[in-house]
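Report on the following structure.
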Amino acid sequence: MPSSDYDPACLPDLLPLYYRRLFPFAQYYRWLNYGGGKCRGREQKPGEESRDPVQKNYFQNREFSFTLKDDIYVRYQSFSSQSEMEKEMQKMNPYKIDIGAVYSHRPNQHNTVKSGSFQALEKELVFDIDMTDYDDVRSCCSAADICSKCWTLMTIAIRILDKALRQDFGFHHLLWVYSGRRGVHCWVCDEAARKLSAAARSAVAEYLSLVKGGEETVKKVVLTDPIHPFIRDSLTEVKRYFPLYALQDQNILGRKESEEKVLALSTAKKRQYFEKEIMLQYCYPRLDVNVSKGVNHLLKSPFSVHPKTGRISVPIDLKDVDKFDPFAVPTISLICEELDRPKADEDEAKSEVTKGKENEQDSTEKRKIRDYKRTSLAKYVKYFDEFLAGMVDSWKGKLLQQSEVAVALADLDAEAVSPPDITLSLRSGVLSHSHLGNSVLSRRSPQFCV
């Protein structure tokens with residue numbers, strides 16, 4: 001059936017098939033495990049405590065929450081392995097999956113832990129951009145509705161934020177994901193980002209925030225002289241889209257109501273930058289700072305299904321972000337139907353005996369890979385694979401550096417020299433990457449400090 005034919009009433013029948021044959025568990029586990037289970041720097045001896053217990057139990061201590069049928073909400077789910085995660089998801093068939101922090105203890109055992117010792121330690125730095133926050137600057141839609149005209153706002157947000165997070169803060173591993181309905185999410189997966197404190201996360205979010213004030217605030221963007229270099233960079237992106245989005249698609253000067261809004265912005269105060277302020281108010285990204293600043297804040301998982309639209313929450317290809325069409329994202333009903341279609345690459349002449357042998361030899365995981373590749377989900381899993389490949393390359397580079405450190409530590413152990421100072425300096429070297437934005441931003445704004 002076409003993607004537009006999704007019926008929410010069919011979701012309970014479709015989810016078991018989705019989690020059994022289509023959900024990319026292998027890639028999903030590889031992402032959230034972050035190469036965990038190994039002691040950093042050298043081989044971990046039997047019975048020896050890891051130098052970094054967070055890394056050792058990274059996946060096991062991660063919180064997942066499930067929304068089940070009839071809005072039953074189940075928090076503090078955690079799994080010891082990919083296999084256990086698969087079995088539980090296939091057993092519970094969640095309508096929605098949220099991902100939380102990596103905790104000091106396994107979340108599913110939080111009730112057995114001494115009060116106060118169960119703490120959120122790490123999580124990706126995340127950003128949530130929701131179209132409903134732009135209702136005052138779009139006339140084509142409102143509330144949860146979106147269309148191709150207002151989706152331009154999400155494109156602008158991705159372009160501005162992605163560039164700033166990479167250039168101003170030095171992050172590399174950014175996963176942009178369509179929410180499945182009316183917005184986008186960003187997962188910054190660098191180790192430095194995952195280790196940021198709540199205060200540092202809040203500082204990053206505030207640095208990226210420009211549109212301030214609630215519904216009663218008329219002028220939400222106020223520029224000061226000199227204009228910050230980051231804002232100048234953002235204006236370059238905004239100017240590319242403003243004529244099409246604001247002047248043409250939203251026709252802000254062609255309708256009395258919207259024209260009055262523009263006039264109010266330009267006459268509120270006589271300011272030298274009023275044109276730039278208007279463009280930024282209409283097009284600059286609007287962040288939910290509360291989502292970004294909390295280490296223990298939950299965010300919808302990639303490849304979760306949106307219960308109301310049926311669309312899969314899929315990764316976005318940054319190379320073609322301008323071409324991303326939320327209405328072309330497959331629904332669960334579409335990809336489940338595609339599974340029933342004949343395989344295009346299957347040799348119909350194969351004997352039943354040959355097919356039987358192949359089926360016996362195929363592992364469960366290989367069958368899943370073969371299954372999703374037969375559906376519209378395939379290209380989005382490919383984007384996810386490409387993102388993971390970039391992270392794996394960085395892990396390999398870090399392991400190479402750590403192996404050199406391990407040799408130095410081994411030499412120190414052999415000489416019976418206590419290594420705390422060296423270990424501390426090495427950790428400072430790693431963690432200083434979380435302040436990489438400091439050095440960049442200090443050149444731009446001496447007042448800013450993460």
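The table below lists the values:
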{"read-out": "Search result, residues across the range 136-155 that are open to solvent by 60 Å² or more (accessible area, probe 1.4 Å) and without any contact (Cβ under 8 Å) to a residue 12 or more places away in the chain", "value": "SER142"}
{"read-out": "In the range 254-265, residue modelled with the highest pLDDT [restricted to those that are under 36 Å from the mean Cα position of the chain (by Cα) and among the hydrophobic types (A, V, I, L, M, F, W, C)]", "value": "VAL262"}
{"read-out": "Test: residue in the range 302-322 that is among the aromatic types (Phe, Trp, Tyr) and on the phi < 0 side of the Ramachandran plot", "value": "no"}
{"read-out": "Enumeration of residues in the range 254-279 that are touching a helix residue (DSSP H, G or I) at 6+ places or on another chain (Cβ under 9 Å), without any contact (Cβ under 8 Å) to a residue 40 or more places away in the chain and farther than 17 Å from ASP135 by Cα", "value": "GLY254, SER266, THR267, PHE274, GLU275"}
{"read-out": "Tabulated pairs, the range 192-211, first over 24 Å from ASP133 (Cα atoms) and charged (D, E, K, R), second modelled with pLDDT of 95 or more and open to solvent by less than 30 Å² (accessible area, probe 1.4 Å), C-beta under 8 angstrom, 6+ apart or interchain", "value": "ARG194/VAL102; ARG194/GLU122; ARG194/LYS123; ARG194/GLU124; ARG194/LEU125; LYS195/GLU122"}
{"read-out": "Answer residue from the range 318-327, given it is out of contact with any Asp or Glu (no Cβ under 8 Å at 6 or more places or on another chain) and in contact (Cβ under 8 Å) with a residue 40 or more places away in the chain and is farthest from ASP385 (Cα to Cα) among those", "value": "PHE327"}
{"read-out": "Single residue of the range 68-117 satisfying the filter (of a type in the set (Val, Ile, Thr) and open to solvent by 40 Å² or more (accessible area, probe 1.4 Å)) that is modelled with the lowest pLDDT", "value": "THR112"}
{"read-out": "Residue check, PRO302 closer than 26 Å to VAL381 by Cβ and outside any helix (DSSP H, G or I)", "value": "yes"}
{"read-out": "Residue list for the range 288-323, restricted to those being among the basic types (Lys, Arg) and either within 12 Å of the chain's Cα centre (by Cα) or surrounded by fewer than 22 Cβ atoms within 10 Å (Cβ to Cβ) (or both)", "value": "LYS293, LYS300, LYS308, LYS319, LYS323"}
{"read-out": "Scan of the range 175-223 for residues that are open to solvent by 10 Å² or more (accessible area, probe 1.4 Å), within 18 Å of ARG159 (Cβ to Cβ) and not small (Gly, Ala, Ser), ordered by number", "value": "HIS185, TYR207, LEU210, VAL211"}
{"read-out": "Filtered residues of the range 230-285 (kept if more than 14 Å from LEU153 (Cβ to Cβ) and not in a helix (DSSP H, G or I))", "value": "ASN251, LEU253, GLY254, ARG255, ALA268, LYS269, LYS270, ARG271, GLN272, TYR273"}
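The values are calculated or read from the model by the stated rules, or taken from the named source; none is laboratory data. Given the structure is predicted, the values throughout are model-derived calculations rather than measurements. Methodologically, a virtual Cβ is constructed for each residue, glycine included, from the backbone with ideal geometry; neighbour enumeration extends over all protein chains shown. The protein model used for the area step is the full one, side chains on, heavy atoms only, and it has no ligands, DNA or RNA in it. Shrake-Rupley method; radii C 1.70, N 1.55, O 1.52, S 1.80 Å.
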